[in-house]
Amino acid sequence: MIILGIDPGSLITGFGVVQVGRGEVKLLAHDVVRNKPGNSMPLRLKTIYAGLAEVIEEFHPDECAIETAFYGKNAQSALKIGQTRGVAILAAVLKEIPTSEYSPREVKKAVTGNGGASKDRVRFMVRSLLKIDSAPKELDATDAVAVALCHLHHTGLTNTTKRRGKQTWERFLKSNPGRILKNK
């Protein structure tokens, strides 16, 4: 299974592509879609859409994961991130790729165990988890890989390529009928 992780930004949008299967998670690609600060927002959105569409066309991801918007004090920034997220999601949805969203805290916690971890700590853990010699140069690319890893963690994908799904009591009872005590 191939997962595309996206860290949206109007100037720099990071992406990371990981593959899970045969007992390992493998990093296939990581980079950024970069915009010029002087470009208008519509041109930035076009560049982001085109860049992500190219990645999707090359790697044919089975699923996509994107970081949710971080709402700070600046409403303009939140609006721009929302627009960026919109075109990123559109690029995936137009190719009928299921898309999930994760907050920055969820991503950091899934990768480092700490929802307040620094970007450097996330980079270190991405490197460690994927057993790669050097981390992506761009922190936005590292964050995108972390989003993909977070998705793997949250969906319960195992070392095989099958989705395990969330464990529920109903599923547990169906899978373990011999462990049910009957009232006499």
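Coordinate-derived values only; no laboratory data. Just so it is clear, the structure is predicted and the values come from calculations on it, not from any experiment. Here Cβ is always computed from backbone atoms with ideal geometry, including for glycine, and neighbour counts include all displayed protein chains.
Note on the stretch 38-71: residues that are in contact with a strand residue (DSSP E or B) (Cβ under 7 Å, 6 or more places away or on another chain), closer than 20 Å to S100 by Cβ and of a type outside the set (A, V, I, L, M) amount to 8.
When we screen L129, L149, L90, L52 for residues that are over 21 Å from H30 (Cβ atoms) and assigned to a helix (DSSP H, G or I), the only hit is L90.
Looking across the stretch 70-86, the residues that are touching a residue at least 40 places away in the same chain (Cβ under 8 Å), of a type outside the set (D, E, K, R) and either buried (at least 20 other Cβ atoms within 10 Å of the Cβ) or closer than 21 Å to R105 by Cβ (or both) come down to I81, T84.
Looking only at residues of the stretch 134-156 that are farther than 13 Å from V20 by Cβ and among the polar types (S, T, N, Q), we find that the one that is farthest from the chain's Cα centre (by Cα) is S134. Cβ-Cβ contacts under 9 Å between residues 6 or more apart (or on different chains), taken from a first residue in the stretch 130-156 that is touching a residue at least 40 places away in the same chain (Cβ under 8 Å) and under 14 Å from E67 (Cα atoms) to a second residue that is of a type in the set (F, W, Y) and surrounded by fewer than 24 Cβ atoms within 10 Å (Cβ to Cβ), are listed as V147/Y102; C150/Y102; H151/Y102; H154/Y102.
If the condition is being surrounded by 14 or more Cβ atoms within 10 Å (Cβ to Cβ) and either within 14 Å of the chain's Cα centre (by Cα) or among the hydrophobic types (A, V, I, L, M, F, W, C) (or both), then the stretch 44-65 contributes L45, I48, L52, A53, V55, I56, F59, P61, D62, E63, C64, A65. Against the list (1) out of contact with any Ser or Thr (no Cβ under 8 Å at 6 or more places or on another chain); (2) exposed (fewer than 14 other Cβ atoms within 10 Å of the Cβ), the condition M41 fails is (1).
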